[in-house]
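Just below is one structure, and these are the notes that go with it.
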Amino acid sequence: MRRILFVFLDGIGLGPAGPKNPLSTDAGAAFRRLAGGAPWVQSLPERATSNHLVRPLDATLQMDGLPQSGTGQATLFTGVNCAERVGRHFGPYPHSATHDVLDHENLFHRVQALPSVPDGGVAFANAFPPRFFEAPSRRWTVTTRCCAGAGVSLRDLDALRARRAVAADLTAEGWRDGLQLDVSARTPADAAQTLFATHRDHVLTLFEFFQTDKVGHRRIDLAPGVLLERLDNFLGQLLDLLDPAQDTLVVTSDHGNLEDTSHTQHTRNPVPLLAYGWAASHLADARTLAGVTPGIVEALRTGRNDR
Ligand SMILES: [Zn+2]
């Protein structure tokens, strides 16, 4: 069965090229490969072939103000305009007006309901630390709420150690230095190999990377160039492993942030939608965040690389 690997990058938009945009100054070879040879900036040329889609997505959801993760991600992972449902942008956690759609109609539910998808056919590859599971009242993010709603298990420390899960920072540095846990060091390319192995066993695998947004807010002490180099190594390894006849890598974001380092806020810039592999043409109708889930579901429903 053909598979989709969905890498969600928080807080990366397509902004004007220039010294304040690290995506134009520091993005490496894999970023360009994924985008048809161009850097991820406002002038990114669109592409829509049978196995490669490059497209800006509107992240404003027809609302004033700065897009936020709660409503942006809820829209991305349900196909429903959740900012419209709430009446404004909201985040970073999901608004109560969106709980129902997240709990009952998210991307995982919709893929699992397809007749061709076996039980356990979808996976969320991120690892969560012991304190997440031990917390008396958990603050659900959009993605963890999607998992809980659809019965997709969350991966833990044992899974991370056994390389059946990926640390949110790729290298597991935060697990060792921040959380003082005994986890071996790994490179971004190692993390990509682990993610790809999980992807090989599932119809749909999601991985969420949010350091891009944290660096944009300057909440972690990491230079944008260092972060983008790690991400480039990670994406490059995924592209090397990928067989476009069987696999599709989908990369997108919820709102802009990192592409404008002149401030620490989100932006209203469009976000990139990049799809490389057999399913790319099924995402060709997506113009906003709401178009991603329907495209993935339709691709996996047909399992074909034409429309
Ligand atoms: Zn943010």
> Name the residues in segment 192-214 that are under 13 Å from Thr143 (Cβ atoms) and of a type in the set (Val, Ile, Thr), would you?
Replying inline: Thr205
>> For segment 178-195, check the following and say yes or no: at least one residue is crowded, with 22+ Cβ neighbours inside 10 Å, among the polar types (S, T, N, Q) and out of contact with any Gly (no Cβ under 8 Å at 6 or more places or on another chain).
In response: yes
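Would you call Arg47 farther than 18 Å from Asn269 by Cα, under 18 Å from the mean Cα position of the chain (by Cα) and not β-branched (Val, Ile, Thr)? Walk me through how you get there before you give the answer.
Details: farther than 18 Å from Asn269 by Cα: yes; under 18 Å from the mean Cα position of the chain (by Cα): no; not β-branched (Val, Ile, Thr): yes.
When the stated conditions are applied, Arg47 does not pass them.
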> In segment 26-36, how many are surrounded by fewer than 16 Cβ atoms within 10 Å (Cβ to Cβ) and at pLDDT below 95?
Replying inline: 0
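Hey, does segment 236-251 have a residue that's within 18 Å of Ala27 (Cβ to Cβ), of a type in the set (Gly, Ala, Ser) and within 16 Å of the ligand (Cβ to nearest atom)?
Of all residues in segment 236-251, those within 18 Å of Ala27 (Cβ to Cβ) come to 236-240, 249, 251.
Going one step further and asking which of them are of a type in the set (Gly, Ala, Ser), we end up with 236.
Those left that are additionally within 16 Å of the ligand (Cβ to nearest atom): none.
No, segment 236-251 has no match at all.
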>> Out of Leu273, Leu258, Leu239, I need the residue that is outside any loop (DSSP other than H, G, I, E, B), crowded, with 23+ Cβ neighbours inside 10 Å and either modelled with pLDDT of 95 or more or among the aromatic types (Phe, Trp, Tyr) (or both). Which one?
In response: Leu273
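The values are calculated or read from the model by the stated rules, or taken from the named source; none is laboratory data. None of these values were measured; they are calculated from a predicted model. All Cβ positions, even for glycine, are placed from backbone atoms using ideal geometry, and neighbour counts span all protein chains on display.
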